[in-house]
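S.K.: Structure below; questions to follow.
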Amino acid sequence: MTRMQENYELKGNRVARLNLEDIRFRAKRFGEILRIDRHTPAKIEQFVENLSQENICIDPVDDAEWCFVTDAICIPEDFTIRMPHSTFVKLCRGDRNAIGLLFHELGHLMLGHKAVLHSERSSPPTPEEDSELQADMFATFVMARMKLGEVGQLCFAF
């Protein structure tokens, strides 16, 4: 175990370990199934609409009612992603950060994130078990597929 892994502090929930290749493979399959390519950002509004055919709901919440400390939230139990209405508008206009946020939240769904039970006697957490880092990597791979590169916090490596 490296020094970084010994002292690693989770950014999100501890989830099942996934290495970079597993995440890359899942992002690639997701992109193939939903036909994500360099043209997707220009037609992102239609892409979001089509997610409902896959039983994924994007639920914009009135900004005045948004009370979460995050930019968006994924509710895996009912395949829903909630975000402030202003973020949804930016997404529909093709804003790169908003697109990155959408694919980060979709990463939580596509990677099957569920918190893992652990105790004080469990081994220390590692970056490969961090839900936020996994979702960031998923989004990074999908963004690369769209030729958008890295966006915001979505830049890191295991």
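S.K.: May I ask you to give the average projected area over all directions of the convex hull of the Cα atoms of the chain, in nm² rounded to one decimal?
M.R.: If I average the Cα hull's projected area over directions, I get 9.6 nm².
S.K.: Calculate I(q)/I(0) for region 56-135 by the Debye formula, one identical point scatterer on each C-alpha and no solvent, and give its log10 at q = 0.22 Å⁻¹ to two decimals.
M.R.: Scattering profile of region 56-135, log10 relative to I(0): -1.03.
S.K.: Say we join alpha carbon atoms closer than 10 Å with springs in a Gaussian network model of the chain; which of Arg14, Arg26, Arg38 then has the biggest fluctuation?
M.R.: Most flexible of the set in this elastic network: Arg38.
S.K.: Run the simple label-point estimate for Leu20 and Arg38 please: 7 Å along Cα→C-beta, distance reported in nm.
M.R.: 2.4
S.K.: Which of the lysines could a cross-linker bridge to Lys90, judged by Cα under 19 Å and excluding same-chain residues fewer than eight apart?
M.R.: Filter leaves Lys43, Lys147.
S.K.: I need the P(r) histogram for region 8-65: all alpha carbon pairs, bin width 10 Å from 0 out to the longest distance, whole percents.
M.R.: Histogram of Cα-Cα distances, whole percents per bin: 16, 32, 35, 16, 0.
S.K.: While we're on this one: For the chain, modelled as a GNM with alpha-carbon contacts under 10 angstrom, which of Asn13, Asn97, Asn55 fluctuates the most?
M.R.: Evaluated over the chain, the most mobile residue of the options is Asn55.
Rule-based calculations on the coordinates, nothing more; no lab input. Everything quoted here is computed from the prediction, not taken from an experiment. In this analysis, Cβ positions are derived from the backbone assuming ideal geometry, glycine residues included, and neighbour counts consider all displayed protein chains.
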